[in-house]
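Student: Take this structure, written in structure tokens, and hold onto it; I'll ask about it next.
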Amino acid sequence: MPATINPYAPPKAQVEDVVPFAGEADAIRREHIQREAAIRSIGILYYLGGGGLLLGAVAFIGGFAGRRPTGGGVSMAVIGVFILAFGLGFIFLGRGIRSLRPWARITAIVLAILGLLRPPAGTLINIYILYLLFSEKGRRIFESDYPEIVAATPDVKSRTSIVVWVFLGILLLVLLLAVAVPVVSGKLR
């Protein structure tokens, strides 16, 4: 009599290699996930700043190519190349912060301290960046074992509050109106 296969039977696979629940790593990650998300958002700010510098450098180099100041000084293209280098550096730093590299924390701290000299918005933003990077949770996130914790807990994700999404929606609506109203009022005349 042929053996019939029961489709409802449990699998007969070995389960010795199954990794147990990473309780400690999960607890650490859940405790630090909001700070981690805030720190990773600093990386996005550096990406945006680097992109702006790259666009400015291209425009600067294109607009002043071959021109020299009347006083003899440095060529405008050379200045554009320096701006380009800073833009690439900001993008590289943004990548380091988003990857939670310890060298990126130190570099961001130095730049945030220098950024305190740009009042009022630069000062406020950089105070917040320094707070994030110097806090106990901020230091913990940049420790050498934290990437292993992140790798062990891929299911732990940061959730953005509904209040933040509503605020961003209102901000976007205000920006759209700020652009649309002058355009529409100019066409009505």
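The values are calculated or read from the model by the stated rules, or taken from the named source; none is laboratory data. Note that the structure is predicted; figures quoted are calculated from it, not measured. Here the Cβ is made from the backbone with ideal geometry for all residues, glycine too, and neighbour counts use every protein chain on show. Only protein heavy atoms, including side chains, enter the accessible area calculation; ligands, DNA and RNA are left aside. Shrake-Rupley method; radii C 1.70, N 1.55, O 1.52, S 1.80 Å.
Student: Listed residues 95, 189, 118; which is at pLDDT 95 or above, at negative phi and either basic (Lys, Arg) or over 17 Å from the mean Cα position of the chain (by Cα) (or both)?
Tutor: Details: 189 fails: at pLDDT 95 or above; 118 fails: at pLDDT 95 or above.
Being at pLDDT 95 or above, at negative phi and either basic (Lys, Arg) or over 17 Å from the mean Cα position of the chain (by Cα) (or both) holds for just one of 95, 189, 118, which is 95.
Student: Let me ask something additional. Got a sec? Which helices (runs of 4 or more DSSP H) wholly within segment 60-178 have at least 2 residues that are within 22 Å of residue 34 (Cα to Cα), open to solvent by 90 Å² or more (accessible area, probe 1.4 Å) and in contact with a Ser or Thr (Cβ under 6 Å, 6 or more places away or on another chain)? Walk me through it before giving the result.
Tutor: Working: elements: 76-98, 102-115, 121-134, 136-141, 146-152.
Because the criterion is at least 2 residues that are within 22 Å of residue 34 (Cα to Cα), open to solvent by 90 Å² or more (accessible area, probe 1.4 Å) and in contact with a Ser or Thr (Cβ under 6 Å, 6 or more places away or on another chain), no helices (runs of 4 or more DSSP H) in segment 60-178 meet it.
Student: What's the number of the only condition in (1) more than 19 Å from the chain's Cα centre (by Cα); (2) open to solvent by 80 Å² or more (accessible area, probe 1.4 Å) that residue 182 fails to meet?
Tutor: Of (1) more than 19 Å from the chain's Cα centre (by Cα); (2) open to solvent by 80 Å² or more (accessible area, probe 1.4 Å), only one is false for residue 182: (2).
Student: Under 6 Å by Cβ, and 6 or more places apart or on different chains, what pairs join a residue from segment 143-168 that is in contact (Cβ under 8 Å) with a residue 24 or more places away in the chain with one that is of a type in the set (Lys, Arg) and open to solvent by less than 100 Å² (accessible area, probe 1.4 Å)?
Tutor: Pairs that qualify, where the first residue is in contact (Cβ under 8 Å) with a residue 24 or more places away in the chain and the partner is of a type in the set (Lys, Arg) and open to solvent by less than 100 Å² (accessible area, probe 1.4 Å), are 149/29; 153/29; 156/29.
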